[in-house]
Amino acid sequence: MPKMSLTDLRRILVENAGEVEGTQLDESLLDVGFEEIGYDSLALMESAAAITDEYGVEVPDETLADLRTPRQFLEFVNSAPVVS
């Protein structure tokens with residue numbers, strides 16, 4: 001399974017939660033909190049469901065609450081086992 005990139009995460013967030021006006025999710029925002037970027041917990045939940053569908057990685061709700069930045073999110077998805 002290919003690793004999820006920042007470009008992939010940005011695409012999934014935009015597809016599931018819309019684009020945040022005036023914010024381009026790029027490497028300068030890897031360590032900025034999702035809420036500061038403009039994505040709330042519902043946006044992350046919807047995106048996590050899409051990641052499960054696309055990458056086969058489940059992001060449990062209790063884990064999702066601890067993934068506060070794009071870097072943490074990518075590190076979790078890219079290190080988690082794929083579910084069948």
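No value in this document is a laboratory result; all are computed from the given coordinates. Quick caveat, the model's predicted, so the values are computed rather than measured. Here the Cβ is made from the backbone with ideal geometry for all residues, glycine too, and neighbour counts use every protein chain on show.
A43 - would you say it is free of Cβ contacts under 8 Å to residues at least 24 places away in the same chain, surrounded by 15 or more Cβ atoms within 10 Å (Cβ to Cβ) and of a type in the set (G, A, S)?
Here the answer is no, as A43 does not meet what is asked.
Among the residues of the range 52-84, count how many are among the aromatic types (F, W, Y) and under 17 Å from L42 (Cβ atoms).
1
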